[in-house]
Each structure stands twice: as structure tokens, then as C-alpha cells.
1. Considering only protein heavy atoms and a 1.4 Å probe, what is the carbon-and-sulfur percentage of the accessible area of the chain?
2. Using the heavy atoms of the protein chains and a 1.4 angstrom probe, tell me the accessible area per residue for the chain in square angstrom.
3. Provide Rg and Dmax in Å for the chain, with only Cα atoms included in the calculation.
4. What lysines sit close enough to K101 to cross-link, taking a C-alpha to C-alpha distance under 19 Å and skipping anything fewer than 8 places away on the same chain?
5. Within 13 Å, Cβ to Cβ, of P46, how many net charges do the neighbouring residues add up to if Lys/Arg are +1 and Asp/Glu are -1?
6. So what's the convex hull volume per residue for the Cα atoms of the stretch 1-54, in Å³?
7. Given H placed on each backbone N at 1.01 Å, which residues far from Q24 in sequence or on other chains put an amide H within less than 5 Å of it?
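The values are calculated or read from the model by the stated rules, or taken from the named source; none is laboratory data. What you see is a predicted model, and the numbers here were worked out from it, not measured in a lab. All Cβ positions, glycine included, derive from the backbone under ideal geometry; neighbour counts span all protein chains shown. We work out accessible area using only protein heavy atoms, side chains counted, and drop any ligands, DNA or RNA first. Shrake-Rupley method; radii C 1.70, N 1.55, O 1.52, S 1.80 Å.
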Amino acid sequence: MPVAATKDYVGVPRDVAANFHGKQLVYVSWDRHLLFAAPFLLCVPPAMSFRELLDGPLAMLFQPDPDAAAIDWTQVEWLKSNQPWTPDFNRSLADNGIAHKDQIRLRTPGLNSLLPAA
């Protein structure tokens, strides 16, 4: 059924970076690990180093997966904006080009135990 508006609708986005008090939203997903049905949404400071992201929030979130302890971070295949990408673990998220609401995906070849015959 069509809807007829009586006045112009003006949407006000509430998830802009300015509303997160110096932090930003970053989505992170682990491909071929069905224990996690959707990307994680993290609210982190852009000055956080990529290593701090891995050792802090991601380590805690990935812990329930049986493959988590076997991740060799030097062998992980990274994607940012669906393109292959290589992060600098010692630089900040901002220095790695990770902006508000970006999604990072990781693939761990050989660690796909929750997805049969990947």
C-alpha cells in the first residue's frame, strides 16, 4: 500500500562519528567460522594500535571458537572493503586507514573447523 507523506521527512543519522566521543565503530568478521553469525561491532578509539585490537577485544571475542588459540596472526589473510589488505600491527587504526564504520574481515587458512569442507 503506498504511503502519502503530509510533509517532507528529514532523517537525522545518529551513528555519525561525532556521536561516539572520540571513538569509532569498526566491524570485524572471521570468514568461515559459523560460531559467529554476524560481524562483531566494536566501539574503539582510532588511536588504538592494530595489535591492541587483536590482543584485547578480538582475543576475548574469538576465545569461544575452538580454532582461536591456533591462529597464527602472521598467516592471516585480511580484507578491508572486500579487498586484500595488510595491516601494520604496530600502527594505529587510523594510520592503517580504518575509519568509522569500516569492516575488516579475516581468513585463517587451515582453521575452518566449523565449516565442513571449505
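1. Details: 4240 of 7710 Å².
Solvent-exposed carbon and sulfur of the chain make up 55 percent of the total.
2. Working: 7710 Å² over 118 residues.
Dividing the accessible area of the chain by its residue count gives 65 Å².
3. Rg and Dmax of the chain, Cα atoms, are 17.6, 58 Å.
4. Result set, ordered by chain and number: K23, K80.
5. Details: positive: K23, R91, K101; negative: E52, D95, D102.
Here the charged neighbours net out to 0.
6. Details: hull volume 7.4 nm³, N = 54.
So the per-residue hull volume is 138 Å³.
7. Sorted by chain and number, the residues that satisfy this are V44.
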